[in-house]
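Engineer: Have a look at this one before I ask anything.
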Amino acid sequence: MNEARSTLDRDAAAALIEPLTDIVIRAGAAILAVNRSAMQVEGKIDGSPVTEADLAADRIIAEGLTQLAPAIPSLSEERVDKNAPPHKESFFLVDPLDGTKEFVAGRKEFTVNVALVSGGTPLLGIVSAPALGLIWRGLVGGGAERLTLGRGQPRIEPIRTRPCPPRGAPWTVAVSRLHGDARTEAFIDERPGAIRCELGSAVKFGRVAEGTVDIYPRLSPTSEWDVAAGLAVVTAAGGRITDSRGAPLVFGTGKNGCIVPEFIAWGDPAAAP
């Protein structure tokens, strides 16, 4: 597929869902093939870890995107210096292994995240949790699905976020197992009786999208590649992602590097400010 370097519309994005899913599945298989007990773990400049699994997944995704849509630039966590923002038109935003610390620790909650951003907004997103055998994917305006992988063809189910709890009922809140912060905790405490659901990586977006949890707040900085695919999936499933004031997030501007200062993923958009 050879798209002109421009802002893609929904129909053009829809044609990419299946081949992108195939790429993400292959990247996930490469991650699972790595022997975690014997792999090398190195530190990046920001102190975060990177492993051979991160790099193997990134190579597969980079090669796949080049073959699929060579005219559309891609920005990956592992190649940010090669294609830095701003991106005023459509581009792919990739985290080849989100939750590297979870992966190194031997847990299953790590993901492969691929988003197509168009006009500063994620239009299409795929979040794969290969160790869980799950993929959440969505096209904004076109719905969202959860794929359960196994032998043979995946089981595909439409998913949708759920309404916020009735007055007096507790909220179920997705929280990070490794990245807590005071502002997020204060936000959760404003919802008395909130049930915290500790999860790793972008799995939290998937659980909001499928209606398992009500909300996922993170009121501390993270990176665009950690958020974009999940934002598209949650939005496609009927939810909304904003900053703490209710404003939308914008991607690819380069104004803050690739940093998202804060966000809240609302399962019920009516609950947002």
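Engineer: Check V114, V208 and return the single one that is touching a helix residue (DSSP H, G or I) at 6+ places or on another chain (Cβ under 9 Å), among the β-branched types (V, I, T) and outside the structural domain of P73 (by TED's automatic domain parsing).
Structural biologist: Checking each option against the conditions leaves just V208.
Engineer: Sticking with this structure for a sec: For the range 88-147, which positions are within 11 Å of the chain's Cα centre (by Cα) and either farther than 23 Å from R240 by Cα or among the charged types (D, E, K, R) (or both)?
Structural biologist: D95, P96, L97, D98, R137
Engineer: In this structure, is A186 surrounded by fewer than 16 Cβ atoms within 10 Å (Cβ to Cβ) and not in a loop (DSSP other than H, G, I, E, B)?
Structural biologist: yes
Engineer: Go through (1) closer than 22 Å to G211 by Cα; (2) surrounded by 16 or more Cβ atoms within 10 Å (Cβ to Cβ) and name the single condition G120 misses.
Structural biologist: Among (1) closer than 22 Å to G211 by Cα; (2) surrounded by 16 or more Cβ atoms within 10 Å (Cβ to Cβ), G120 violates only (1).
Engineer: Would you mention how many residues in the range 193-224 are acidic (D, E) and without any contact (Cβ under 8 Å) to a residue 60 or more places away in the chain?
Structural biologist: 2
Engineer: Let me ask something else. What's the number of the only condition in (1) in a loop (DSSP other than H, G, I, E, B); (2) in the same structural domain as Q67 (by TED's automatic domain parsing); (3) closer than 19 Å to A265 by Cβ; (4) not β-branched (V, I, T) that S128 fails to meet?
Structural biologist: For S128, the exception is condition (1).
Engineer: Would a scan of the range 168-181 turn up a residue that is more than 15 Å from I215 (Cα to Cα), charged (D, E, K, R) and in the same structural domain as A232 (by TED's automatic domain parsing)?
Structural biologist: Yes, that holds for at least one residue.
Engineer: Could you identify the single residue in A69, A62, A53 that is assigned by TED's automatic domain parsing to the domain that holds R26 and surrounded by fewer than 21 Cβ atoms within 10 Å (Cβ to Cβ)?
Structural biologist: Working: A69 fails: surrounded by fewer than 21 Cβ atoms within 10 Å (Cβ to Cβ); A53 fails: surrounded by fewer than 21 Cβ atoms within 10 Å (Cβ to Cβ).
Within the list A69, A62, A53, the selection yields A62.
Engineer: Does the range 81-91 contain any residue that is crowded, with 18+ Cβ neighbours inside 10 Å, in contact with a helix residue (DSSP H, G or I) (Cβ under 8 Å, 6 or more places away or on another chain) and under 25 Å from A237 (Cβ atoms)?
Structural biologist: No, the conditions are met nowhere in the range 81-91.
Engineer: Taking the options R146, R151, R155, name whichever one is assigned by TED's automatic domain parsing to the domain that holds L93, surrounded by fewer than 22 Cβ atoms within 10 Å (Cβ to Cβ) and out of contact with any strand residue (DSSP E or B) (no Cβ under 6 Å at 6 or more places or on another chain).
Structural biologist: Result: R151 is the single residue among R146, R151, R155 that is assigned by TED's automatic domain parsing to the domain that holds L93, surrounded by fewer than 22 Cβ atoms within 10 Å (Cβ to Cβ) and out of contact with any strand residue (DSSP E or B) (no Cβ under 6 Å at 6 or more places or on another chain).
Engineer: Applying the selection to the range 156-183, what residues are part of a strand (DSSP E or B) and out of contact with any Leu (no Cβ under 7 Å at 6 or more places or on another chain)? First the steps, then the outcome.
Structural biologist: Initial filter on the range 156-183 (part of a strand (DSSP E or B)): 156-159, 172-176.
Passing the criteria: E157, P158, I159, T172, V173, V175, S176.
Engineer: Counting only residues that are touching a strand residue (DSSP E or B) at 6+ places or on another chain (Cβ under 8 Å) and either part of a helix (DSSP H, G or I) or not assigned by TED's automatic domain parsing to the domain that holds P217 (or both), how many does the range 189-203 have?
Structural biologist: 1
Engineer: Any chance you could count how many residues in the range 211-266 are in contact with a Lys or Arg (Cβ under 9 Å, 6 or more places away or on another chain), surrounded by fewer than 16 Cβ atoms within 10 Å (Cβ to Cβ) and at pLDDT below 95?
Structural biologist: 1
The values are calculated or read from the model by the stated rules, or taken from the named source; none is laboratory data. Since this is a predicted model, take the numbers as computed values, not measurements. Quick reminder, even Gly has a Cβ in these numbers, built from the backbone with ideal geometry, and neighbours come from all protein chains shown.
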